[in-house]
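The values are calculated or read from the model by the stated rules, or taken from the named source; none is laboratory data. Only a predicted model underlies this, so the values are computations on that prediction, with no experimental measurement involved. FYI the Cβ positions are ideal-geometry reconstructions off the backbone, even for glycines, and counts take in every protein chain you see. We work out accessible area using only protein heavy atoms, side chains counted, and drop any ligands, DNA or RNA first. Shrake-Rupley method; radii C 1.70, N 1.55, O 1.52, S 1.80 Å.
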Amino acid sequence: MSAFTWLCVFLLVGLLNTPIEGHRPPSSSEEAEDGKEENRGIANHRAVGEIVYDGNLLQQCVTDKDMDCILSYYAPDVIVVPDGYPSYQGIDHLSKNLGWIQHVTVTKHDAEHIEPLEASGDLVLEVHAHDTVLPDGSHKKGKTALIWKRIHGLYHIIFEMYNDEY
């Protein structure tokens, strides 16, 4: 992996392991009392609404299995770090590696964490859970971390890292 990829991985690992105070309350009072659930949350920034909106549109593309639509949300030089496979860079590699999506059903859950990485909101980190139903009916659940970048006024994914719980 390149130095930039490693930098992104370390940045994401650091951010995912740092408690972040958000404006969304814990889902139950029991979680808040026993301290087992960190209150990560969604940042209060104008870019958050755009990311939520774009994320919902991207989910519709995935539901429709529309490859052109899916790829339109990624930057040409996107870096992808899949769980258990070598990382790769570029929209062409992403296109070749997304063939599996035609054979499964993927549900992207609401973001657990959205935070601008710059005050301008031009770089935004999103973390969400996903649930993949395989052709045999079994489920694979996991988490995805995305870094969105505003390019010519529109957000595109420049970094994607995901894992599956086994």
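Here are the numbers:
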item: Residue satisfying all of: in segment 109-124; farther than 13 Å from D54 by Cβ and in a strand (DSSP E or B); most open to solvent (accessible area, probe 1.4 Å) among these; result: D110
item: Condition check for I70: part of a helix (DSSP H, G or I), of a type in the set (A, V, I, L, M, F, W, C) and open to solvent by less than 20 Å² (accessible area, probe 1.4 Å); result: yes
item: Pick from segment 125-148, criterion assigned to a loop (DSSP other than H, G, I, E, B) and touching a residue at least 24 places away in the same chain (Cβ under 8 Å), ranking: least open to solvent (accessible area, probe 1.4 Å); result: L134
item: Qualifying residue in segment 51-62 (condition: open to solvent by less than 30 Å² (accessible area, probe 1.4 Å), touching a residue at least 60 places away in the same chain (Cβ under 8 Å), assigned to a strand (DSSP E or B) and not small (G, A, S)); result: no
item: Selected residue [within 11 Å of A47 (Cα to Cα) and of a type outside the set (F, W, Y)] from V124, V133; result: V124
